[in-house]
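Here is the structure we will look at.
The values are calculated or read from the model by the stated rules, or taken from the named source; none is laboratory data. These numbers come from a predicted model, not from an experiment. As a convention, Cβ positions derive from the backbone with ideal geometry for all residues, glycine included, and neighbour counts pool all protein chains shown.
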Amino acid sequence: MLVLRFWEDLPEAEIARILGCSLGTVKSQVSRGLARLRELAEERAYARQLVTYRTVPDPSLTSAGWKRDITVVPDLATELPSIRNGGITDGGRVYTFHIRPGADWDTSPPRQVTAADFVREFKTFCNPAPNASVGNLPYYADTIAGLASYCSAEERYFADTQRHPATAADVAAFQNSHSISGIEAVNPLTLRFRLVSRASDFLNLLALPFASARPAEYDQYLPNSDNLDRHLISDGPYSVGPFAAGKSIVLHRNPAWRQSADPVRHQYVRKIIVAIGVTNAYTQISGLRRGQYDLMLDTDVPGSMLPGLRDSPEFHIWPGAGIMPYLVFNLRSPSSRHAAAHLDVRRAVEYGVAKAAIQQIFGGPSVAKPISSVQPPGNLGHIATNPYPSPNMAKCKANLHRAGYRAGPKLKFLYAKDSIDAAVFTALKASLARCGIQLAGDSVPVSRYYETLSNQNKNGKPGAYDLGLASWIPDWFGNDGRTTLDALFRTRCVDNATNYGCYSNRTVDRAMTAAERATTPAQAARSWAAAARQVMADAAVVPLADLQNPIFSSARVREAGLRAGVVYAPNIGGPDITSIWLAKG
């Protein structure tokens with residue numbers, strides 16, 4: 001749990017006094033909180049990509065601000081490649097980028113970010129070190145020519161752990177002596193990608209933090225290791241350090257960064273302190289009101305506090321575009337004569353769920369919007385129709401009768417052992433009972449929940465669950481079907497896959513492939529919509545809600561376009577700390 005404090009300027013001794021630790025701790029110790037740092041908004045401050053997203057106020061999913069927030073713009077690239085400017089060639093299979101001169105690493109002396117720094121990053125995706133994976137490999141291995149074969153070669157090489165131990169030196173030696181055929185540093189400032197086939201969302205993939213430039217110094221360390229955490233190098237407006245183990249991480253202005261070489265970030269404040277370990281949301285909000293902290297980073301505003309915050313100018317509710325939560329049908333469960341495999345039973349559940357009750361559990365209409373599509377609103381392919389208006393107990397019963405369950409099936413509901421999921425179970429049990437469906441609960445510890453939900457070795461055997469609760473937030477927004485529809489519904493019935501219920505429809509698979517290979521956004525949207533429509537016709541899942549994003553800040557935080565408070569940047573997953581300044585006085 002992290003909270004953020006902005007500072008105009010403080011010496012290390014003062015930081016130590018405020019955080020309650022010694023000056024030596026501030027100067028020398030490293031926290032594994034840096035692993036969390038990379039997952040949150042702070043990465044925006046020290047890691048840059050070829051392309052990225054702006055941060056502007058987006059009060060609704062239909063606003064001009066939302067469209068601007070989800071539109072890719074140049075970052076380290078001088079311009080977006082296109083057919084017109086010669087950056088996209090060979091029928092959409094080759095992308096060429098030119099890197100901005102003057103974009104430097106905070107090395108001594110500062111050094112230009114180069115094309116080779118990006119090649120190095122992609123080579124780390126499949127490194128063999130334990131717990132050292134970088135990024136979401138399938139996104140890129142399925143898209144960039146030669147990456148899958150490069151990863152296979154590296155895996156074979158390091159399979160013999162006696163001859164080829166996965167040390168930093170050995171991993172770097174392999175990566176520096178092997179190439180990826182589809183990624184070429186043409187010259188220091190020119191980078192070229194060759195794709196397996198057209199990819200309508202390739203720029204979105206390159207805007208993910210996984211695709212950040214990687215300096216040569218990182219060859220000395222295994223990815224995601226403690227040693228690397230001690231030696232982070234920045235090409236953004238802030239450098240990382242000092243930090244105190246388990247207590248804080250400090251970002252300070254990067255002297256090598258130039259505003260003229262960065263079109264999207266800023267360097268308004270001098271220092272940013274991330275305090276680690278403040279786990280209670282009420283404590284955090286109290287600290288924000290007193291000015292002890294400025295932002296909450298990874299803790300939600302409790303629903304019970306929303307009424308008391310609504311009139312504060314520092315409080316905003318920004319739109320979401322996910323499926324949070326939704327119901328999964330385990331299509332392989334043999335329970336109740338394979339009830340979950342019956343289309344009419346699944347449609348009965350669709351009609352029997354009272355989504356308004358679920359909405360209240362998650363904070364009410366202002367923060368939980370009922371949804372009826374598997375492609376969330378605000379994204380390409382969203383269908384603004386409701387094929388199963390609910391609750392409709394007459395249609396629920398009619399579908400059960402058509403499926404041969406006049407007495408109603410008995411279904412097992414899997415959920416995580418926490419208060420929110422337990423409340424969802426209680427609400428579902430009550431609403432489905434009204435049309436004769438008997439729901440029995442099966443709660444498992446939160447730490448084992450998704451492992452159980454996706455355990456395909458057990459999910460086809462007696463005693464398996466019939467219905468489960470899941471949530472999904474896309475890795476990006478806009479043309480995001482690869483990270484929503486493809487991730488959740490492409491035929492992929494294996495352990496730990498995110499197609500939890502083993503749904504399979506080859507028509508849907510073909511539509512998704514067509515969307516990913518589309519040449520225009522309009523073509524992609526039509527194909528994503530076709531896939532989403534078929535998934536709902538098959539009643540593969542029950543979308544329940546789209547959670548919004550409440551954010552509260554201290555009174556002194558400012559951001560462009562707002563009188564007070566901050567914007568929730570959807571493609572960052574939180575506030576953009578490089579767009580924030582402090583009110584004086």
Practice task
State whether the residues of the range 382-395 include one that is aliphatic (A, V, I, L, M), within 25 Å of Leu453 (Cβ to Cβ) and in a helix (DSSP H, G or I).
Solution key: no
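Which residues, counting only those in the range 361-397, are free of Cβ contacts under 8 Å to residues at least 40 places away in the same chain and either under 18 Å from Lys429 (Cα atoms) or not β-branched (Val, Ile, Thr) (or both)?
Keep residues of the range 361-397 that are free of Cβ contacts under 8 Å to residues at least 40 places away in the same chain, which gives 365, 384-386, 389, 394.
The answer is Pro365, Ala384, Asn386, Pro389, Ala394.
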Handout entry: Tally, over the range 276-301, of residues that are aromatic (Phe, Trp, Tyr) and either surrounded by 15 or more Cβ atoms within 10 Å (Cβ to Cβ) or within 12 Å of Val557 (Cα to Cα) (or both)
Key = 1
Exercise for the section: Report, ordered by the first and then the second residue, all pairs with beta carbons closer than 8 Å, sequence separation of six or more or different chains, a first member in the range 138-157 that is in contact (Cβ under 8 Å) with a residue 60 or more places away in the chain and within 19 Å of Arg492 (Cβ to Cβ), and a second member that is basic (Lys, Arg) and surrounded by 16 or more Cβ atoms within 10 Å (Cβ to Cβ). Expected result: Tyr139/Arg482
Fill in the blank from the handout: So, first residue closer than 14 Å to Asn136 by Cβ in the range 477-501, second residue among the polar types (S, T, N, Q) and not in a loop (DSSP other than H, G, I, E, B), Cβ within less than 9 Å, six or more apart or across chains; the pairs are Asp480/Asn204; Arg482/Asn204; Thr483/Asn204; Asp486/Thr513
Practice task
Quick one: in the range 462-475, of everything that is touching a strand residue (DSSP E or B) at 6+ places or on another chain (Cβ under 8 Å) and under 20 Å from Pro138 (Cβ atoms), which residue is surrounded by the fewest Cβ atoms within 10 Å (Cβ to Cβ)?
Solution key: Ile473
Completion exercise
Note on Leu191: of the conditions (1) modelled with pLDDT of 95 or more; (2) part of a strand (DSSP E or B); (3) surrounded by fewer than 20 Cβ atoms within 10 Å (Cβ to Cβ), unmet is (3)
Practice task
Please go through the range 211-238 and pick out each residue that is part of a helix (DSSP H, G or I) and either over 18 Å from Ile70 (Cβ atoms) or touching a strand residue (DSSP E or B) at 6+ places or on another chain (Cβ under 6 Å) (or both).
Solution key: Ala216, Glu217, Tyr218, Asp219, Gln220, Asp226, Asn227, Leu228, Asp229
Problem - Considering residues of the range 61-71 that are of a type in the set (Val, Ile, Thr) and surrounded by fewer than 23 Cβ atoms within 10 Å (Cβ to Cβ) only, the residue farthest from Ser200 (Cα to Cα) - result: Thr62
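Please verify whether the range 167-176 includes one or more residues that are in contact with a Lys or Arg (Cβ under 7 Å, 6 or more places away or on another chain) and within 23 Å of Asp90 (Cβ to Cβ).
No, the range 167-176 has no match at all.
Scan the range 100-133 for residues that are among the β-branched types (Val, Ile, Thr) and within 21 Å of Ser239 (Cα to Cα) and jot them down. Don't jump to the end; show me each part of the working.
So the first thing to find is which residues in the range 100-133 are among the β-branched types (Val, Ile, Thr), and the list is 107, 113-114, 119, 124.
Matches in the range 100-133: Thr107, Val113, Thr114.
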Completion exercise
How many residues of the range 476-507 are farther than 15 Å from Ile383 by Cα, assigned to a helix (DSSP H, G or I) and in contact with a Phe, Trp or Tyr (Cβ under 8 Å, 6 or more places away or on another chain)? The answer is 5
Exercise for the section: Tell me, yes or no, whether the range 185-192 has at least one residue that is within 27 Å of Pro570 (Cβ to Cβ) and under 23 Å from the mean Cα position of the chain (by Cα). Expected result: no
Practice task
Output the residue which, of all residues in the range 406-433 that are among the β-branched types (Val, Ile, Thr) and surrounded by fewer than 16 Cβ atoms within 10 Å (Cβ to Cβ), is nearest to Tyr465 (Cα to Cα).
Solution key: Thr426
Exercise for the section: Answer yes or no: is there a residue in the range 36-45 that is modelled with pLDDT under 55, farther than 25 Å from Gly378 by Cβ, assigned to a strand (DSSP E or B) and among the basic types (Lys, Arg). Expected result: no
Fill in the blank from the handout: Matching residues in the range 340-361 (crowded, with 20+ Cβ neighbours inside 10 Å, under 30 Å from the mean Cα position of the chain (by Cα) and in a loop (DSSP other than H, G, I, E, B)) number 1
